Amino acid sequence: MSHTQTEPTRIGKIDYTNVWPIFHYFDEKKLSRQAELVTEVPAVLNRAMIAGQLDLSPVSSFAYGFASSRLQLLPRLSVSSDGPVHSILVFSARPLASVKDGVIALTNTSATSVNLLKIMMEKGYGGHPTYWDSEPDLDAMMAKSDAALLIGDHAIRASWRDHGYHVTDLGKVWKEWTGYGMTFAVWAVQQSFARDHAEWLDEIAAAFQASKKQSELDLSALAVKACAEIGGTEEYWNSYFHNLCYDFTDERQRGLQLYFDYCHELGLLPHKVRISFWNDNTRTRVK
């Protein structure tokens, strides 16, 4: 995507609560140049970043891996868990390991979790299920499946229902199987944009970091907002936000690298991935 100084920078925003802490205090109107937020589910943002229609955006980790030759990551930003994530859930009539050769409905709203489930079913459980894509509607999915994957707020709402299904948290099983936490989303920028607009990108990245830090000082405001918009209790949402990890430590990077390696091994990614960060050393260069 080519840019002039007058064109607004297009920044994606995931339409799920799990990114709220990084966006809650991020105000694009306070930036020194014009920026436009594009709010969508991960799958739409993934496609837009791969097509070059957004300059930077949180994306599903898998989408970054797919387009890693043209994208770089902003440092110290992710949506990760070190065990249970509570919003990447598989619902099944029987324990998940016992439907390893069954029919599984996959949400059509993201890619990372879909491929994480395929890794767990095929490498973790030694199964070969049949998959089909579906709108995120638990009843419709389970009407013709042995299990169904939901993510984000769809998964959270479904987990509150008295549905009688076994619920498997993919963050939990990944941690138990590999010893690593799982990174579900990362902040990616077009390499061409990063090259041509380094100081401007530095300002945007700093604004995201500031929002993350301010949110982490007091997550209760986000819990109140979630209750009003989605339902549930403040106790639930406080626990949910405190459980998620928004940094991107070396340990989380190793866990994500292992995920990419498994995706390539299973043919889910056509190439190997080496995680590449944009180096936010603009201030050093200016000096």
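The values are calculated or read from the model by the stated rules, or taken from the named source; none is laboratory data. In this text, all values refer to a predicted model and were calculated from it rather than measured experimentally. Cβ placement follows ideal geometry from the backbone for every residue including glycine, while neighbour counts extend to all protein chains displayed.
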For segment 144-161, indicate whether the set of residues that are within 24 Å of Q253 (Cα to Cα), of a type outside the set (V, I, T) and surrounded by fewer than 19 Cβ atoms within 10 Å (Cβ to Cβ) is non-empty. no
When you go through K225, K212, K272 one by one, which is the residue that is among the basic types (K, R), outside the structural domain of H154 (by TED's automatic domain parsing) and surrounded by 15 or more Cβ atoms within 10 Å (Cβ to Cβ)? K212
Hits in segment 29-45 - residues which are within 15 Å of T9 (Cα to Cα) and of a type in the set (A, V, I, L, M): L31, A35, L37, V38, L45
In the list A35, A48, A63, A43, which residue meets the criterion of being surrounded by 15 or more Cβ atoms within 10 Å (Cβ to Cβ), in contact with a Leu (Cβ under 6 Å, 6 or more places away or on another chain) and in contact (Cβ under 8 Å) with a residue 24 or more places away in the chain? A48
Could you please give the count of residues in segment 1-38 that are modelled with pLDDT of 95 or more and assigned to a strand (DSSP E or B)? 9
Of all residues making up segment 39-81, the number that are part of a helix (DSSP H, G or I) and not aromatic (F, W, Y): 12
